[in-house]
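Undergrad: Could you have a look at this structure, given as structure tokens, before my questions?
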Amino acid sequence: QVQLVESGGGLVQPGGSLRLSCVVSGFSLSNYDMSWYRQAPGKEREFVAVITSTGITNYGDSVKGRFTISRDAFRNVMYLQMDSLKAEDTAVYYCKAGRLGFVAWGQGTQVTVSS
């Protein structure tokens with residue numbers, strides 16, 4: 001059964017850090033393009049970062065230099081290290097797997113950046 005489960009969200013002060021995890025089951029994440037997206041209240045879902053099946057990474061302009069995407073192929077887990085967090089990073093964060101027309105999403109984890 002294909003399943004993506006995010007965790008690691010929470011409340012953090014501006015300037016702080018969080019690390020999100022996306023645990024994958026039912027397939028090997030190394031064979032897929034794995035992404036993070038986020039959606040703030042009243043806004044469209046926004047691309048955050050991707051790590052392709054070949055290990056290439058790319059980031060949305062708003063998070064470049066602050067967020068780092070990575071994966072652990074042995075544990076079948078993808079991560080998003082988020083540093084220097086800002087209030088505008090507040091959103092529900094989703095992980096996504098994609099390849100050749102196959103797409104799967106997690107249920108999301110809430111990140112709130114507030115003092």
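The values are calculated or read from the model by the stated rules, or taken from the named source; none is laboratory data. Quick caveat, the model's predicted, so the values are computed rather than measured. So basically every Cβ, Gly included, is an ideal-geometry build from the backbone, and we count neighbours across all protein chains shown. Each accessible area value is taken on the protein alone, full model and side chains, heavy atoms only, with ligands, DNA and RNA left out. Shrake-Rupley method; radii C 1.70, N 1.55, O 1.52, S 1.80 Å.
Undergrad: Take the conditions of a type outside the set (A, V, I, L, M) and touching an Asp or Glu at 6+ places or on another chain (Cβ under 8 Å) and apply them to Ser53. Does it pass?
TA: Against the criterion (of a type outside the set (A, V, I, L, M) and touching an Asp or Glu at 6+ places or on another chain (Cβ under 8 Å)), Ser53 qualifies.
Undergrad: Within the stretch 29-41, which residues are over 14 Å from Gly98 (Cβ atoms), open to solvent by 50 Å² or more (accessible area, probe 1.4 Å) and at pLDDT 95 or above?
TA: Gln39
Undergrad: Follow-up. Mind counting the residues in the stretch 7-17 that are under 26 Å from Ala104 (Cα atoms) and open to solvent by less than 30 Å² (accessible area, probe 1.4 Å)?
TA: So the answer is 1.
Undergrad: Sticking with this structure for a sec: Could you tell me how many of the residues in the stretch 83-99 are open to solvent by 40 Å² or more (accessible area, probe 1.4 Å) and in a helix (DSSP H, G or I)?
TA: 2
Undergrad: Which members of the stretch 100-115 meet the condition of being open to solvent by 30 Å² or more (accessible area, probe 1.4 Å) and among the β-branched types (Val, Ile, Thr)?
TA: Matches in the stretch 100-115: Val103, Thr112.
Undergrad: Looking at the stretch 54-82 only, could you name the residues that are open to solvent by 50 Å² or more (accessible area, probe 1.4 Å) and in a loop (DSSP other than H, G, I, E, B)?
TA: Thr54, Ile56, Asp61, Ser62, Lys64, Gly65, Ala73, Phe74, Arg75
Undergrad: Given the conditions (1) touching an Asp or Glu at 6+ places or on another chain (Cβ under 8 Å); (2) without any contact (Cβ under 8 Å) to a residue 24 or more places away in the chain; (3) not polar (S, T, N, Q), which single one is not true for Val103?
TA: (1)
Undergrad: So, one more: May I ask you to list the residues in the stretch 10-33 that are out of contact with any Cys (no Cβ under 7 Å at 6 or more places or on another chain) and hydrophobic (A, V, I, L, M, F, W, C)?
TA: Leu11, Val12, Leu18, Leu20, Val23, Val24, Phe27, Leu29
Undergrad: Exactly one of these conditions fails for Ala104: (1) in contact with a strand residue (DSSP E or B) (Cβ under 8 Å, 6 or more places away or on another chain); (2) at pLDDT below 95. Give me its number.
TA: Answer for Ala104: the failing condition is (2).
Undergrad: A follow-up question, please. In the stretch 1-41, which strands (runs of 3 or more DSSP E) lie fully inside it and hold 3 or more residues that are within 14 Å of the chain's Cα centre (by Cα) and touching a residue at least 60 places away in the same chain (Cβ under 8 Å)?
TA: Result: 3-7, 18-25, 33-39.
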